[in-house]
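This report refers to the structure that appears directly beneath it.
The values are calculated or read from the model by the stated rules, or taken from the named source; none is laboratory data. Computed from a predicted structure; not experimentally measured. Glycine also receives a Cβ, built like all others from the backbone with ideal geometry; neighbour counts cover every protein chain displayed.
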Amino acid sequence: MRSFKKLSCFALTAVISVTLLAGCGGDENESKQIIRIGHNQSSEHPTHIALTAFEEYIEEKLGDKYSVEVYPSELLGSQTDMVQLTQTGAINFCVASNAILETFSKNYEIFNLPYLFVNPEAYHAVMDDTGITDKLFKSTAKAGFEAVTWIDAGTRNFYTVKKPIERPADLSGMKIRVQQSPTNVEMMRLLGGSATPMGFGDVYTALQSNIIDGAENNELALTNNGHGDVCKYYSYDMHQMVPDILIGNYSFLEKLPQEERDVFEEGFKLVNKVEREEWTKAVDEAKERAEKEQGVQFYYPDVQPFMDACKPLHETVLSKNPDIKPIYDAIQEYNDRFAE
Ligand code: GCU
């Protein structure tokens, strides 16, 4: 993985050079602008399927002007690298977990809070409410990017190599990989485990070489990323529903003529729609494959002790960052509406 990641820098340079050379060759791409989109999932993942639908849509509507290229599997670097490439305009778009966006703009902390939503229905309704998300999504112009849509990344749960997590005390003494966000590190401290932040692409090797005892993610990490080959215990403690966010380079988006921007906006809606349709199927398939082919066992612990341990984090984050209180309050209204 590590050498693969070093290679990815060369890959990006190569990708850009080949594209430029192709342009010099006078082929039909010469007059077209290449739109590069990077993400860290495999080419079977719902994210890739959705971005491929976007590619087809944009090329169908604006194909005389743009050619869209989607790069999966961290080919353009880790998510953090790709956010930086998007900020500078070296690439046009990338998919970033909301978790890492909090280091680029503090207000993204809100969707990283554990047990923020009462259920997936409340989570989806909040993320679909542009009255809630718009201000946040457009708040990063100075940082060089804008969020253009969200996509589902399911529910995050713990999975481990040696023994199942059935209560927070089971995490004691365990090194658990978390995403690179201060909120996640604090969540693990409250739960009693030892947080090991690292990029997604490094997790498989870290599990295999016992650098970490487990990780936390949705079910697709078991199959698509092979983590279920090493971790045989997956516990539904349901600690987070963290969306993935499609972000675009700010000046690229700003410079689009209005009629093209409208087409892109339709394309962003399509990404959201296709990914969510694919997501539901993919989770069921991943669970079945993990159980049958990888021998992963699924556990359904009492969630309440996990919630109780994490709860103080809401207050800590809100008191340090009162700007997100209005969003937090609006989320509670959805929680009340959707609570069973
Ligand atoms: C999920 C999510 C990714 C994220 C990954 C992680 O797979 O969809 O965007 O990078 O979790 O844990 O880092």
Yes or no: the range 198-208 includes at least one residue that is farther than 22 Å from Phe298 by Cβ, over 18 Å from the mean Cα position of the chain (by Cα) and more than 16 Å from the ligand (Cβ to nearest atom). no
Does Val126 count as assigned to a strand (DSSP E or B) and surrounded by 20 or more Cβ atoms within 10 Å (Cβ to Cβ)? no
Determine if the range 140-148 includes at least one residue that is touching a residue at least 24 places away in the same chain (Cβ under 8 Å) and assigned to a helix (DSSP H, G or I). yes
Residue in the range 228-238 that is among the polar types (S, T, N, Q), within 23 Å of Ala125 (Cβ to Cβ) and either in contact with a strand residue (DSSP E or B) (Cβ under 6 Å, 6 or more places away or on another chain) or at pLDDT below 95 (or both) present: no
Applying the selection to the range 42-98, what residues are part of a loop (DSSP other than H, G, I, E, B) and within 15 Å of the ligand (Cβ to nearest atom)? Ser42, Ser43, Glu44, His45, Pro72, Ser73, Glu74, Leu75, Leu76, Gly77, Ser78
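So which of Pro114, Pro168 is more than 12 Å from the ligand (Cβ to nearest atom), surrounded by fewer than 23 Cβ atoms within 10 Å (Cβ to Cβ) and in contact (Cβ under 8 Å) with a residue 60 or more places away in the chain?
Working: Pro114 fails: surrounded by fewer than 23 Cβ atoms within 10 Å (Cβ to Cβ).
From the options Pro114, Pro168, the qualifying one is Pro168.
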What pairs can you find where one residue is in the range 308-337 and of a type in the set (D, E, K, R), the other is assigned to a helix (DSSP H, G or I), and their Cβ atoms are less than 7 Å apart, with a gap of 6+ or different chains? Asp323/Asn107; Lys325/Leu318
Need at least 1 residues that are within 20 Å of the chain's Cα centre (by Cα), among the polar types (S, T, N, Q) and not assigned by TED's automatic domain parsing to the domain that holds Ile165 per element, so show me which helices (runs of 4 or more DSSP H) inside the range 215-293 make the cut, counting only ones lying wholly within it. 258-293
All conditions in (1) away from the ligand (no atom under 16 Å from the Cβ); (2) out of contact with any Ser or Thr (no Cβ under 6 Å at 6 or more places or on another chain) are true of Ser105 except (2)
Within the range 200-209, does at least one residue satisfy the condition of being part of a loop (DSSP other than H, G, I, E, B) and closer than 19 Å to Asp170 by Cβ? no
Within the bounds of the range 179-196, is there any residue that is in a strand (DSSP E or B), within 12 Å of the ligand (Cβ to nearest atom) and touching a helix residue (DSSP H, G or I) at 6+ places or on another chain (Cβ under 7 Å)? no
Would you tally the residues in the range 156-165 being more than 11 Å from the ligand (Cβ to nearest atom) and buried (at least 20 other Cβ atoms within 10 Å of the Cβ)? 5
Which one is farthest from the ligand (Cβ to nearest atom) among residues in the range 229-254 that are over 29 Å from Glu109 (Cα atoms) and either without any contact (Cβ under 8 Å) to a residue 40 or more places away in the chain or surrounded by 18 or more Cβ atoms within 10 Å (Cβ to Cβ) (or both)? Lys232
When you look at Met174, is it farther than 27 Å from Leu318 by Cβ and away from the ligand (no atom under 11 Å from the Cβ), yes or no? yes
Given the criteria within 16 Å of the ligand (Cβ to nearest atom) and more than 17 Å from the chain's Cα centre (by Cα), does Thr140 qualify? no
